[in-house]
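Every read-out reported here was derived from the displayed coordinates using simple, explicitly stated rules and does not represent laboratory data. Since the structure is predicted, the reported quantities are computational estimates derived from the model, not experimental observations. Positions of Cβ are generated from backbone atoms using ideal geometry, with glycine treated the same way; all protein chains shown enter the neighbour counts.
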Amino acid sequence: MSRNRELISNIGLRLDGRRALELRRIRCKLGLFSEPDGSAYIEQGLTKVLAAVYGPHQVRGNRSKAQHDCAIVNCQFSMAVFSTGERKRRPRGDRKSTEMSIHLHQALIAAIKVELYPWSQIDVYVEVLHADGGIYPACVNAATLALIDAGIPLKEYLCACTASLASNDIPMIDISHQEEIMGGPTLTVAALPMSGKVVLLEMSQRFHVDHLPKVLDKALKGCIDIKNILDEAVKNNVREIGSSTGWASST
Amino acid sequence: MSRKIYIRLATDRVNTSVAIEGLRAYPSIYTPGQIITNQNEFMRGHGTYEDNGLLKASVAGVQEKVNNLISVRPLKSRYNGEVGDVVVGRITEVQQKRWKVNTNSRLDSILPLSSVNLPGGELRRRSVEDEHMMRNYLQEGDLISAEVKNVYSDGSLSLHTRSLKYGKLGQGIMVKVFPSLIKRSKTHFHNLPIGISLILGTNGFIWICPIINNTEESVGGFVQNLEEVVPEITRATMSRTRNCILALAQSKMMLFDTSILFAYEESKSITYQNY
């Protein structure tokens, strides 16, 4: 527990100078590439993630997977070999990446209105360029932006955030890699922040169940903050495209 | 071959869009999950959904209202076909009595054998031999221009090429851009005065080729003359046009004959080198 106390100093600052409930800087950009239907890039602190969305398109490969009432969502998570401190052996396909892909898929199907696209498939590719804690939330947020860029209908924004507990009573959000390795439990939440629905909840270590409500509450607050930042970016992007195409009204 | 390679992060990219600055009158923008109205006298159109009696947007875009129907149109999406659209597509599959065509739509489009003009005139009967010969007319990978005949309930399109304008495409360049950048106009076939022809498919596929003489092609466009040598000057013009289109698409400008011609004229000041 002595190491845990260092997570937050006496004056309430964390290792990187943030306050307990402060997010890292988020910078994002939509529509980077011309080949995929939608793409996005997000930076949360030093964590950098690229996402690309193809589709909805005809089901390729195994034709029998096509569903008559909804689209199938295909997610692939990969980490660039240079993204971590030690050079990675395999960018994708290892146990951790597969798990991440499944978690991403689980979160995304909760937000995408798949029932609108029968017999189709939506591919989401996510690549981590720099891993500095909170990889999963950054991937979820990047995928959301890419889906919006591709014009795929979503119920609402899907945002994710991490939270932890310092000194056994102070909840803090958006955990960096440094704080992750120092120990302390990490709670990852993916949520639909407008309706407050939790889509995915994952915990790396244990803390007492009495702390859960307040940590979860702060994590959801973090999701709302992230949603507001993403919303601003999306609106700016739409405004920019709209003004250069002259709002191209077909009607 | 030791050249310096610069890799920039996406946030440091130069913004190439040419948004008109002075214009500040933006229409209101809706983003997924945003409430459009709480009155339930409105009908929900595309890009919206109903949740607890509230009408919410499901895509990021601008609102379009027709009487009581509210829809939100995303500024970028896959191609949504409409009857009468001119499209350029690529054959992906040859099936019994029909071809499957990739038109950048949600699902592959269908080109039935009965809606193509076979060599030998309009009133030719289609026999079993024709079904066996289908691969001789169009095979996988061939590019065609066609018109949308019908839109099915699941969103897939049925095409036809029953006009001399449409058919198999021969020598030329295909450029893929986002479908939203193509401006819908009266005609999508253009013979530009710079000596090339353009087919601006509404699905975002653009075909650039040497001038087509319609008088020669009386058989219905299944001939592909690959022996004909296109002069170098024409090829240079075609490549320049292609680059102009890509440049326009990069800065998100609408694509139509005038904008492409203007971009071409502007690009003439930049000379190219022969390698």
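What does the convex hull of the alpha-carbon atoms of chain B project to on average, in nm²?
Averaged projected area of chain B's Cα convex hull equals 21.1 nm².
Could you give the dipole magnitude of the protein assembly as shown about its Cα centre, charging the beta-carbon of Lys and Arg +1 and that of Asp and Glu -1, in debye to the nearest 20? List each step's numbers first, then the result.
Details: 63 positive and 53 negative charges, 112 e Å.
Value, rounded to 20: 540 debye.
For the stretch A:143-251, what is the Kirkwood estimate of the hydrodynamic radius, computed as the reciprocal of the mean inverse distance between distinct Cα atoms, to one decimal in Å?
Computed over the stretch A:143-251, the radius equals 15.6 Å.
So if I take the centroid of the Cα atoms in the stretch B:52-74 and the same for the stretch A:146-168, what is the distance between those two points in Å?
One Cα centre to the other: 23 Å.
Apply 1/(1 + (r/R0)^6) to the Cβ-Cβ distance of residue A:247 and residue A:198, taking R0 = 35 Å, and write down the FRET efficiency to the nearest 0.05.
Details: r = 37 Å, r/R0 = 1.06.
That pair, residue A:247 with residue A:198, gives E of 0.40.
What is the Cα radius of gyration of the protein assembly as shown over 2.2 N^0.38 Å, N being its residue count? It would help to have the intermediate numbers written out before the result.
Numbers: Rg = 26.3 Å, N = 526, 2.2 N^0.38 = 23.8 Å.
Taking the Cα Rg and dividing by 2.2 N^0.38 Å, one obtains 1.10.
To the nearest 0.05, what FRET efficiency results for residue A:10 and residue B:262 with a Förster distance of 41 Å applied to their C-beta separation? Before the final figure, lay out the partial values.
Numbers: r = 66 Å, r/R0 = 1.60.
Plugging the Cβ-Cβ distance into 1/(1 + (r/R0)^6) gives 0.05.
Where in the stretch A:169-251 are there GluC sites (Glu not before Pro) that are in a DSSP coil and have at most 11 other Cβ atoms within 10 angstrom of their Cβ? Each step should come with its number before you reach the end.
Values: sites: A:179, A:180, A:202, A:232, A:240; in loops: none.
Here no loop site has a sparse enough neighbourhood.
Tell me, B:268, B:4 in order of fewest to most beta-carbon neighbours within 10 Å? Before the final figure, lay out each step's value.
On the way: B:268 9, B:4 4.
Going from sparsest to densest Cβ surroundings: B:4, B:268.
Where a Cα-Cα gap under 24 Å defines reach, which lysines qualify for residue B:252, not counting those fewer than 8 residues away within the same chain?
Candidates past the 8-residue exclusion: A:29, A:235, B:76, B:176, B:183, B:186, B:268.
So, in nm, how far is label residue A:99 from label residue B:52 when the simple model puts each one 7 Å beyond its Cα toward the Cβ?
Result for the modelled spin labels: 3.5 nm.
Just to be sure I understand the model, the point goes 7 Å from the Cα along the line to the Cβ. What's the resulting residue A:34 to residue B:38 distance in nm?
4.6
With θ set to phi - 60°, apply the Karplus curve 6.51 cos²θ - 1.76 cosθ + 1.60 along the stretch A:216-221 and write out the HN-Hα couplings as whole Hz, x wherever there is a Gly or Pro.
Here the 3J(HN,Hα) series is 4, 4, 5, 5, 5, 4 Hz.
Convert 10 °C to kelvin, take the viscosity as 1.306 mPa s, use the Kirkwood radius over C-alpha pairs of chain A as Rh, and evaluate the Stokes-Einstein diffusion coefficient in µm²/s, rounded to a whole number.
Result for D is 84 µm²/s.
Kindly identify the stretch A:124-168 as rounded, prolate or oblate by the Cα gyration tensor criterion: order the square roots of the eigenvalues as a ≥ b ≥ c, call it rounded if a/c is under 1.5, otherwise compare a/b with b/c, prolate if a/b is larger, else oblate.
Details: a/c = 5.10, a/b = 1.73, b/c = 2.95.
Oblate, because a/c is 1.5 or more while a/b does not exceed b/c.
What length, rounded to one decimal in nm, is gained on full extension from residue B:131 through to residue B:14, with 0.36 nm per residue of separation minus their alpha-carbon distance? The partial results should precede the final answer.
Working: separation 117, 0.36 × 117 = 42.12 nm, distance 5.31 nm.
Gain on stretching residue B:131 to residue B:14: 36.8 nm.
Under Stokes-Einstein, with the Kirkwood radius over Cα pairs standing in for Rh, what whole-number D in µm²/s applies to the stretch A:1-64 at 37 °C and 0.692 mPa s? Please list the in-between numbers first.
Numbers: Rh = 15.5 Å.
So the translational diffusion coefficient is about 212 µm²/s.
Suppose only helical runs count, i.e. DSSP H with n ≥ 4. What mean residue ellipticity at 222 nm does that imply for chain A under -39500 (n - 2.57) per run, divided by all residues and rounded to the nearest 500 deg cm²/dmol?
Numbers: 5 runs with 75 residues, N = 251.
Roughly -10000 deg cm²/dmol at 222 nm, from the helical runs in chain A.
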